[in-house]
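See structure below.
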Amino acid sequence: MTSDSHVPADLANLFAAIDAANSHDPETTIAEGRVKPAAVVYGERMSERMSSFSPGASLALQIAARGQHIERWMIPRNLYPQGRIGYLAWR
């Protein structure tokens, strides 16, 4: 996925911390030819998309894009009712 070599060291460290938290996601997917935690892949993809839409994005926006689903699997969606109200309560 993304090489974070173009971001400041502090931001790269923060991305690494977000990815470390998300590395415990039990769901996996194949990315870059190997099995990776789905939440890590999602965060990397969101960083890529955000960078393509807004190359000069603020640090806050870059962090929000990378971490928007941090440890999301920890609270299963099926614990909440179906539909928009249940989704918004879960989110």
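A few notes on this one:
- Residue pairs whose Cβ atoms lie under 7 Å apart, separated by 6 or more positions or on different chains, with the first residue in segment 70-91 and touching a residue at least 12 places away in the same chain (Cβ under 8 Å) and the second of a type outside the set (A, V, I, L, M, F, W, C) and exposed (fewer than 10 other Cβ atoms within 10 Å of the Cβ), are TRP73/PRO26.
- Some residue of segment 35-44 being of a type in the set (Gly, Ala, Ser), out of contact with any strand residue (DSSP E or B) (no Cβ under 8 Å at 6 or more places or on another chain), modelled with pLDDT of 95 or more and farther than 25 Å from LEU88 by Cβ: no
- For segment 61-78, the tally of residues that are surrounded by fewer than 10 Cβ atoms within 10 Å (Cβ to Cβ) and at pLDDT 95 or above stands at 0.
The values are calculated or read from the model by the stated rules, or taken from the named source; none is laboratory data. Source: prediction; values computed, not measured. With ideal geometry, Cβ positions are generated from the backbone for all residues, glycine too; neighbour counts draw on all protein chains shown.
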